[in-house]
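Every number here is computed from the coordinates shown, using simple stated rules; none is lab data. Please read these numbers as outputs of a predicted model, since none were measured by experiment. Backbone-built Cβ (ideal geometry, glycine too); neighbour counts: all protein chains shown.
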Number of protein chains: 2
Amino acid sequence: MKQVSGFSKLSKVEKINYVVEEVLDGNLSTNELIKSYWHDDEEEQKIFDDFSENTLTNFYFPYGVVPNVLMNDELLCVPMVIEESSVVAAAAKAAKFWSKRGGFRTEVVSTNKIGQVHFIWHGETAILESFFEDVKEELIKEVKPLTKNMESRGGGLIDISLKNRTGDEPGYYQIWAEFNTCDAMGANFINSVLEAIGKKFSDLVENNFEGVNSEIQVVMAILSNYTPDCRVKAWVECDIDELEDPGHGMSGREFAEKFARAVRIAKIDVNRATTHNKGIFNGIDAVVLATGNDFRAVEACGHTWACRDGVYRGLTDVFLEGNKFRFQLELPLSLGTVGGLTSLHPLARISLDTLGRPSASKLMEIAATLGLAQNFGALRSLTTTGIQKGHMKMHLMNILNHLEASDEERGLVKEKFENEIISFQGVREFLAGIRNYQ
Amino acid sequence: MKQVSGFSKLSKVEKINYVVEEVLDGNLSTNELIKSYWHDDEEEQKIFDDFSENTLTNFYFPYGVVPNVLMNDELLCVPMVIEESSVVAAAAKAAKFWSKRGGFRTEVVSTNKIGQVHFIWHGETAILESFFEDVKEELIKEVKPLTKNMESRGGGLIDISLKNRTGDEPGYYQIWAEFNTCDAMGANFINSVLEAIGKKFSDLVENNFEGVNSEIQVVMAILSNYTPDCRVKAWVECDIDELEDPGHGMSGREFAEKFARAVRIAKIDVNRATTHNKGIFNGIDAVVLATGNDFRAVEACGHTWACRDGVYRGLTDVFLEGNKFRFQLELPLSLGTVGGLTSLHPLARISLDTLGRPSASKLMEIAATLGLAQNFGALRSLTTTGIQKGHMKMHLMNILNHLEASDEERGLVKEKFENEIISFQGVREFLAGIRNYQ
């Protein structure tokens, strides 16, 4: 492959031609395969082309729904976008289970978001602190043109303060800003405000001090994706007796204790905690994706929270008291239902319509609910039948599609692997056997 | 909305009808909008329908490429799937920058993966330890039918050992298993082997002990997504003079020091660390998605690693020595280039073809390279022009599409906002002004 110049200036078709001819096999069928993933409506397709850069086509993720999610006495049909088999099935199963036991409960703990102007200044801290207090109102006033629209919706810049971090890095301070971004995730809003604050503060320092004290270096001005004060809680509760699982010969008490042990292990073993939380994010991210939110931001935030006490731990808790079982997830989660792609992506719009056009707070609750449902489903499988049975049953369908199995062959494979461990190799060999024999 | 029963048994069209009629607006156009996202080829569509459950249609993510990625002296064209604007542009810019300065270098540190059988046993630890050594070979032999295929490819079960965790939870032990899964991510393989080991070990304990010692509870048998020994490193290096940025009037030294400070801040400030790493995962996840890998697993692993010393920190490091600048990313990353969706998803297959059908190790290197490129691009913007200029220029296109701006209007808006902060509100008001005036 040779270095290509001006690639971004090529048209979409020219880009595809380049990739197929210079990088791939040069076949017309490959070119057509890539284009077959375009939307039929050119206008609709243009929306996706402009979301990102150097776009060739669309990558498909399965879009499904989980009906019967009972949250705070309201029945929801929750859209999920996820490529992993058995996640949606597990969520649906958990939702059904809990809909018969009072459903999910949720609470938004708080919704404040954070931004930081990181800067370096080498004068005396006390002077800077006093100066900051003097110009604080001027800084807030400076960004009014940027915040007035958010204020009219009930949000805006809540407060700014100066943080002395010179103990960690010579001359390092932060302007720490708290925001209420209403129903927006708010990244662009926060970043615009912070850059303006940083610029104004820099000007003020330069104009009001002399010598070394007038030298200020704004290193960066940017939101923080770690938002411990934008936090949600979701839980389920029932009598321990109601957890009886006759299918596995377990009493409610036995199940509750085994389940609680699995949750405790995720608190004390980092290798388990990672996997435990990964399962929670299977549920959360599927809602995040379906509603056009940013899963990298959600993941980074949740995992940082998971290690807030210095040890990385599972995000859920179980409480057993008397005959009561309570299972709970609490985590910071910053989502939007306006702005970003939420209204630009046609299917994100459909997702939000399916959820009844929720506020950002309600979407936090829904995502947390699905995270909790997912964790319940995973732990229930793990502590009873094991995870592979359900998962591989689902994945078997993928394998059969790949091996282009006929209906008859599908029947024989399913029968054969009813109680056997499913592997791609095993299925392929079994199918080869059948096909040879016939 | 009423509780629906048997939803999963409905056909795809019936599911869509149900959602549109019972949850959405009941309009035919909504029904058709959802179906317009199906692939035209029914067979091709079926693949996606079966990846997950309760599927209605496909959710689109923009599929783009970054050409000219020079990694270990090889030029790569890297596919990226990401919905966030400016990520691909930033990666392309960073790739171009470094292609003129020797390109990216990478190294796979190790590739071992981990699985655990968590169990409870209340006898004397020494007895169990000795028993485990006695039956260890039998356990390994038991899973030979499951591991033989992986062994023929050079991988398999590397070793199993007993871990005493009774200090953390009464009676808690683990069978700790290490695997080499070759070019597979290996989750299904590892889980199948662990479940078989757990079952066999449980049988052996029951058959060889009496009384309380024969009572063993296998809590769970499952892989760990935290794989610190499946790890990759990517770096760039150049003379500090080569970093000169005349556009921002910065010498190479000034840029290097400001950049290094930004990296250091992500090491000492948790709020910045989260956002810093989020940006790294913008690059990594885009490759993970494009190749049909599981981004939740990758995220959970990387963030757990980020807090391995008890404080959550940025994942990149800068080294300035004399006139040398070195910027490096190191993280655990478990990916596959066979199995899972890698060959089942037609566009994941195209992605792997575009990358020259890499081994899993090489894909680790590519993903890490894009993570590093992304972090370089983000920090470079942040510490020079600020993040908003480039980002909002990209996002402006989305806003203009949404507001259905004509070509003439687009020109006027771009001119107007050349040096102003772009907000949805601002653009809407400006456009309304033009439209009123005309």
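Things worth noting here:
- Environment charge of residue A:285, counting only residues whose C-beta is closer than 12 Å and scoring Lys/Arg +1, Asp/Glu -1: -4
- Global size of segment A:77-120 as Cα Rg and Dmax, reported in angstrom: 18.2, 58
- Among B:369, B:384, B:166, residue whose mean-square fluctuation peaks in a GNM of chain B (springs only between Cα atoms under 10 Å): B:166
- Take every Cα pair under 8 Å whose residues are at least 6 apart in sequence, average their separation, divide by the length of chain A, and the relative contact order is 17 percent.
- Debye-formula intensities of segment B:7-49, expressed as log10 I(q)/I(0) at q = 0.19, 0.29 Å⁻¹, are -0.61, -1.04 (one equal scatterer per alpha-carbon, no solvent).
- Note on residue B:17 and residue B:404: with the Förster distance fixed at 30 Å, the Cβ-Cβ geometry gives a FRET efficiency of about 0.45.
- FRET efficiency, residue A:217 to residue B:166 (Cβ-Cβ, R0 45 Å, nearest 0.05): 0.25
- Centroid-to-centroid, using Cα positions, segment B:267-306 and segment A:238-282 are 27 Å apart.
- Within the shell of other residues whose beta carbon sits under 11 angstrom from the beta carbon of residue B:269, the net charge comes to +4, with Lys and Arg scored +1 and Asp and Glu -1.
- Per-bin percent of Cα-Cα distances, the protein assembly as shown [10 Å]: 2, 12, 22, 26, 21, 11, 5, 1, 0, 0
- Residue mean of other protein chain beta carbons inside 10 Å, A:276-283: 5
- Remark: segment B:113-223 carries a charge dipole of roughly 500 debye about the Cα centre, counting +1 on each Lys and Arg Cβ and -1 on each Asp and Glu Cβ.
- Inter-copy separations for residue B:437, label at 7 Å along Cα-Cβ, nm, ascending: 8.0
- Candidates A:98, A:38, A:235, ranked by Gaussian network fluctuation over chain A, Cα under 10 Å, top entry: A:38
- Each other copy holds its own label point for residue B:319; taking that point as 7 Å from Cα along Cα to Cβ, the gaps run 5.1 nm, nearest first.
- DSSP-defined beta bridges in the protein assembly as shown - what % are antiparallel, rounded to 5: 95
- Gaussian network model of chain B, Cα within-10 Å springs - most flexible of B:97, B:201, B:131: B:131
- Considering only beta bridges that DSSP places wholly inside chain B, some 95 percent are antiparallel.
- Lacking any other cysteine beta-carbon closer than 4.7 Å, the following Cys residues of the protein assembly as shown have no compatible partner: A:77, A:182, A:230, A:238, A:301, B:77, B:182, B:230, B:238, B:301.
- Nearby lysines by direct alpha-carbon distance to residue A:278 (threshold 17 angstrom, same-chain neighbours under 8 apart not counted): A:267, B:113, B:278
- Protection-proxy order for peptides A:143-149, A:181-187, each taking the mean of Cβ atoms within 10 Å per residue, highest first: A:181-187, A:143-149
- Partner shielding of B:424-430 amounts to 3, given as the average count of beta-carbon atoms from other chains within 10 Å of each residue beta-carbon.
- Local electrostatic count, residue A:67, Cβ distance below 14 Å [Lys/Arg +1, Asp/Glu -1]: 0
- Quarter of the Cα convex hull surface for chain B, i.e. its orientation-mean projected area (nm²): 29.1
- Taking the empirical scaling 2.2 N^0.38 Å for compact globular proteins as reference, segment A:113-223 has a Cα radius of gyration ratio of 1.05.
- Normalised contact order of segment B:118-243, rounded percent, pairs of Cα under 8 Å and 6 or more residues apart: 31
- Using just its DSSP H runs of length 4 or more, each adding -39500 (n - 2.57), chain A gives a mean residue ellipticity at 222 nm of -15500 deg cm²/dmol after division by all residues.
- For segment B:277-394: relative contact order, % (alpha-carbon pairs under 8 angstrom, 6 or more apart): 34
- Alpha carbon centroid spacing (whole Å) that separates segment B:198-212 from segment A:42-71: 51
- For residue B:248, inter-copy label distances in nm, listed shortest first [label point 7 Å out on the Cα-Cβ vector]: 5.4
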